[in-house]
Structure formats: C-alpha cells, structure tokens
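Before any comments, here is the structure.
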Amino acid sequence: QVELVESGGGLVQAGGSLRLSCAASRSTFRINTMDWYRQAPGKQREFVARISGDGSTNYADSAKGRFTISRDNAENTVDLQMNSLKPEDTAVYYCSAYDYGGSLYWGQGTQVTVSS
C-alpha cells in the first residue's frame, strides 16, 4: 500500500508559476511510474505528466514546454513545476503511482486556480 499526499496548490495569476509536490509513504525506489493528472470542473480527469523509474518523462501536449516533472527517490517525492500558467490550467491536480506489482494508487488532489 502506498499513500500519496499532494501539496503546493493555490491561486496564481496567469503567467505565474506553481510547484506541486507529491509525497509517497513508501520508498519511491519501489514505485515504477509516477504521474500527475488533473480534473477541471465538469471535465474528465486527464493525464499531465509521467516520470518512470528510469527517469524518463512524458508530457501531455498541453504541458510540454511549460511543466517539468521530477522525482527525488531519496525524499520519496515527485514534483511538478508549472510555469506560464493559463486559466485553462485550473483544475484539481492528482498524483498517482504504479508500483512494480502493478497496483495503482491515487492522492487526494490539490486545487490549482489560475486567474486571468
């Protein structure tokens, strides 16, 4: 079992930056992929970014060039640095993790609001 706790959300003006962090209760050396997803009001949850155990990364088109995902296995955290934020980035951001056994875990989410 892995508990994930997100932090770092808040209110920011368009063009600003936020850094989200996800803390895992288990060593992230035992976790395969860690992802960030987001869900805006009235919309489906969508993929934002992924970092694999080998450090390789993938981004949604909407995040490329603006967001950077990173993980610190010593601190058991995965961060999402978000720059040049837009009002359409407003959503609840969720951290998720797949362990090497194939189990999927979700955090409780953190709200990001970008004002125009």
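A compact table of results
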item: Alpha-carbon centroids, the range 77-106 and the range 17-70: separation in whole Å; result: 4
item: Accessible area of the chain divided out per residue, in Å², using a probe of 1.4 angstrom; result: 51
item: Segment Arg45-Gln1, length gained on full extension (0.36 nm per residue, minus Cα span); result: 13.6 nm
item: Given charges at Cβ of Lys, Arg, Asp, Glu: the chain dipole, positive-most of Gln13, Gln81, Thr33; result: Gln13
item: Antiparallel bridges, percent of DSSP beta bridges restricted to the chain (to nearest 5); result: 90
item: Fraction of alpha-carbon pairs over 15 Å apart in the range 1-52 - percent; result: 61
item: Mean Cα-pair separation over length for the range 6-116, i.e. relative contact order, pairs under 8 Å, 6 or more apart, %; result: 36
item: Apportionment of accessible area to carbon and sulfur, the chain, percent (1.4 Å); result: 45
item: Cα gyration tensor category, rounded, prolate or oblate, for the range 54-116 with a/c compared to 1.5; result: prolate
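The values are calculated or read from the model by the stated rules, or taken from the named source; none is laboratory data. Keep in mind that this is a model prediction, so the values were computed, not measured. Backbone-built Cβ (ideal geometry, glycine too); neighbour counts: all protein chains shown. Ligands, DNA and RNA are stripped out before the accessible areas are found, and what is left, the full protein with its side chains, is counted by its heavy atoms. Shrake-Rupley method; radii C 1.70, N 1.55, O 1.52, S 1.80 Å.
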